[in-house]
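A.B. asks: Submitted below is the structure of interest, expressed as C-alpha cells.
The values are calculated or read from the model by the stated rules, or taken from the named source; none is laboratory data. For clarity, every value in this text was computed on a predicted model and none was experimentally measured. When we count neighbours, we look across all protein chains shown, and the Cβ atoms used for this are built from the backbone with ideal geometry, even at glycine. In case anyone asks, the SASA skips ligands and DNA or RNA and just uses the protein heavy atoms, side chains included. Shrake-Rupley method; radii C 1.70, N 1.55, O 1.52, S 1.80 Å.
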Amino acid sequence: MASSIFFSKDVQGVKIITILDTRRAYNLTEDEKQLLELMGEQGDEKEAIQAKREELLRYPLAIRVTYDRKLWYYKTGDSYTLAEFDNLRNANKKGKWFDKQKSIGKIYDNISNKVEELKNANNFSLKNLAAELGDKKVTTKESLMIHWKKFAESKDKLKTKEQYLGAYKSFFIANGANQRTDDKGKKVLYGRALEMMPDDIKRTHIEKWYAYMDSCGNSSSTKSIYLRAFRALLNHLKSQEIIDNVPKLTIPKSTRREDNFLTVDNILKLRDYVGDYKQYADWWLIIYLCNGANLRDLATLTWGDNFSTEFTFVRSKTAGKSPSLVHIPITDLLAPYLEKYASTREKGQRVFPQILLDATSERAISNRVHDFNANIRNGLINVCEALQMPVVSAAWARNSYITTLTWHGISDAFIDDMVGHTDGKVLSGYQGKISPKKRMQINSLLFTNPEEDM
C-alpha cells in the first residue's frame, strides 16, 4: 500500500494526494547489494538482512489523482526510502527536508490548479488532465474495485455475476470498506479500501478476508465460491500483465455433497406427509424425482414429443461450456406429481409455468427462481419440524438423488449421465449408451430403500 500522505486536497470531487508509492521499489545499487552480501557472509540472521534490505529500498514519490474511482499517478521524479519519507513529511520550517517539501508543494499546487481550471470550465476528465500535464509523466491505472466489477459484468450468467459481486463486497468490507444506502435505496460501498490497486494486494488482506468470512458464519461452499471467483480475477489480471503474481489461496473443500442428503426412509416421510405445507414437500419430491435437476432447469422445461416417457433438456449450468443433455424418465413415481402440478401436455409449453409466471429477462427469471426456491425452503422448515427430521432445502434433492442411486449400486458413469455431469472420470466411455428403458428402471428405484433391499 502507498505510504502516508503529506499533501491532500479535494477539489470539487477530485482527490489529490502526495504519496510514496510503495507498490514497486527501485532496484538496489551495486554497493547496497554488496552490503547485504557482506552481512550474509558475516553470519547475520536472515531477519536482520531482510530488515536492512527494506531499509535501503527506495520508492517513487508520486501525486495521485482520484476521480470516479479511477486513479492516476504523476511521478515527480524523486524517490525516497521510508525513513527519508518520514523526514519529508515531518519537516520543520527550515532545513533540507523543508526545502524539498516546498519544491514538491509547487508541483502539487500546479496539479491542483489544473484540476480546478478544468472543473470550472466543465471540461474535467483524467484524460484531459493528462494532456495538460504531459502524458509522459502520468500513469493511468484502475483500482482493484474497478477491475473486479468489470470482470464480474463480463460474465454471461446472472448467477455468476452475482457470485463475483458477492465476493467483491465481502472482500472490501473485510478490508475496511463501509456500506451505505444511496438515493435509489441501493446499498453501496465507500471508503479508502476501494482505492486499493491490483498490485497492492498483500497476504494480510486475504487473511483479514478469511477472518471476516468466519465471523459472518459463511459456509465452506460460500467461501469456496468467493475465493475461486477471486482467484479467477487474479489470474485474469496476471494474464493482462496488470499484476506479476497470484497469491496462494487456501480454498476450503465444500462439505455439501458429503452431508446434505436425505436417506430414503426420510424421503418417504416427506412423500407421506399430510398437512398445511404439503405442496412444499411435493415440490422437493418433484425435484428429486426429476434427477435432482436444478429448479432453474425445471422452470424452463417444456413438453416434447414423448409425453409419456421422458423430458429432455440441456443443463443451464453447462449450456455455455460443454452442453450436457439430461433425460428425465416419466416414471410411475413422478406421474402423480405431474398430474397435480404440471400444465396440460402440449408440445413446446412449459411443464411448470407457475415457477416463472411471466418472467422473460435473465434477471427476472433469476429472481423468480430464487423466490420460488425460498418459498420451498421456508415451507420445508415447517414440514421437517412436524416430521422431526433434518431441515432440508431444494438443493438437497440433487445430493439425495445421487446418494440413493449410489446406495443402489448404480455405476458412477450412469449416475453422471442421469444428472448431466460432464467431468466424470469414466463418463466419456459411456455417454449416450444408457437406454431409455434403463433410465426408467434407475429412476423407479427412488422410493425403494436400498438399506432394506440389501
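A.B. asks: Efficiency by 1/(1 + (r/R0)^6): what FRET value for T302 and K94, r their Cβ-Cβ distance, R0 = 56 Å, to the nearest 0.05?
C.D. replies: 0.10
A.B. asks: Now, a different point. State the extension gain, in nm to one decimal, for the chain segment bounded by K438 and N122, taking 0.36 nm per residue of separation less the distance between their alpha-carbons.
C.D. replies: 106.6 nm
A.B. asks: By how many degrees, 0 to 90 and rounded to 10, does the Cα axis of helix 144-153 deviate from the longest principal axis of the chain?
C.D. replies: Taking the Cα atoms of the chain, the angle to 144-153 is about 30 degrees.
A.B. asks: With a 1.4 Å probe and every protein chain left in place, work out the accessible area per residue of the range 271-312 in Å², rounded to a whole number.
C.D. replies: 38 Å²
A.B. asks: Here is a further query. Would you work out which of A281, L56, N123 lies farthest towards the positive end of the dipole of the chain, given +1 charges on the beta-carbon of Lys and Arg and -1 on that of Asp and Glu, about the Cα centre?
C.D. replies: The residue sitting most towards the positive pole is N123.
A.B. asks: Separate question: Under a Cβ-Cβ cut-off of 12 Å, what is the net charge of the residues other than L270 that fall near it, where Lys and Arg count +1 and Asp and Glu count -1?
C.D. replies: 0
A.B. asks: Per 5 Å bin, what is the whole-percent P(r) computed from every C-alpha pair distance within the range 64-148?
C.D. replies: With 5 Å bins starting at 0, P(r) equals 3, 12, 20, 19, 16, 15, 10, 4, 1, 0.
A.B. asks: Counting only pairs 8 or more residues apart or on different chains, how many lysine pairs in the range 175-332 have their Cα atoms under 18 Å apart?
C.D. replies: 8
A.B. asks: Got a sec? Which residues in the range 201-217 would a label at R23 touch, if it sits 7 Å along Cα→Cβ and we count backbone N under 11 Å?
C.D. replies: Answer for this model: 201.
A.B. asks: Further, regarding this structure: Semi-axes of the chain's equivalent ellipsoid from the Cα gyration tensor, sqrt of 5 times each eigenvalue, largest first, rounded to whole Å?
C.D. replies: Each semi-axis is the square root of five times an eigenvalue, giving 60, 26, 19 Å.
A.B. asks: Full-extension gain between L165 and T81, please, as 0.36 nm times their residue separation minus the C-alpha to C-alpha distance.
C.D. replies: Separation in residues times 0.36 nm, less the Cα-Cα distance, equals 26.5 nm.
A.B. asks: Okay, next question. Rounded to the nearest 20 debye, what is the charge dipole size of the range 264-417 about its Cα centre when +1 sits on each Lys and Arg Cβ and -1 on each Asp and Glu Cβ?
C.D. replies: It comes to approximately 380 debye.
A.B. asks: From the residues W148, Y80, Q441, which one has its Cα farthest along the dipole of the chain in the positive direction, the dipole being from +1 and -1 charges on Cβ of Lys/Arg and Asp/Glu about the Cα centre?
C.D. replies: Y80
A.B. asks: Between S411 and L325, what is the FRET efficiency for a Förster distance of 22 Å, r being their Cβ-Cβ separation, to the nearest 0.05?
C.D. replies: According to the calculation, E is roughly 0.75.
A.B. asks: Could I have the simple spin-label model distance between D183 and S361, label points 7 Å from Cα toward Cβ, reported in nm to one decimal?
C.D. replies: 2.1 nm
A.B. asks: Can you tell me the relative contact order of the chain? Whole percent, Cα pairs under 8 Å, sequence separation 6 or more.
C.D. replies: Relative contact order, the chain: 11 percent.
A.B. asks: Compute the length gained on full extension between K52 and A335: take 0.36 nm times their separation in residues and subtract their Cα-Cα distance, giving the result in nm to one decimal.
C.D. replies: Here the segment from K52 to A335 would lengthen by 94.3 nm.
A.B. asks: For every other residue with a beta carbon closer than 11 angstrom to the beta carbon of M440, add +1 if it is Lys or Arg and -1 if Asp or Glu, then tell me the sum.
C.D. replies: +1
A.B. asks: Please list Y67, Y288 from largest to smallest accessible area, probe radius 1.4 Å, with all protein chains kept in place.
C.D. replies: Descending accessible area places them as Y67, Y288.
A.B. asks: For the chain, what % of the accessible area comes from carbon and sulfur atoms, probe 1.4 Å?
C.D. replies: With neighbouring chains kept in place, the figure for the chain is 46 percent.
A.B. asks: Hey, got the dipole for the chain? About the Cα centre, +1 on K and R Cβ, -1 on D and E Cβ, debye to the nearest 20?
C.D. replies: Rounded to the nearest 20 debye, it is 1340 debye.
A.B. asks: May I pose another question? Leaving out ligands and nucleic acids, note down the accessible area per residue over the range 141-262 with a 1.4 angstrom probe, in whole Å².
C.D. replies: Here the per-residue accessible area is 56 Å².
A.B. asks: Rounded to the nearest 0.05, what FRET efficiency do L38 and D199 give with R0 = 45 Å and r taken as the Cβ-Cβ distance? Could you check?
C.D. replies: My answer for the efficiency is 0.90.
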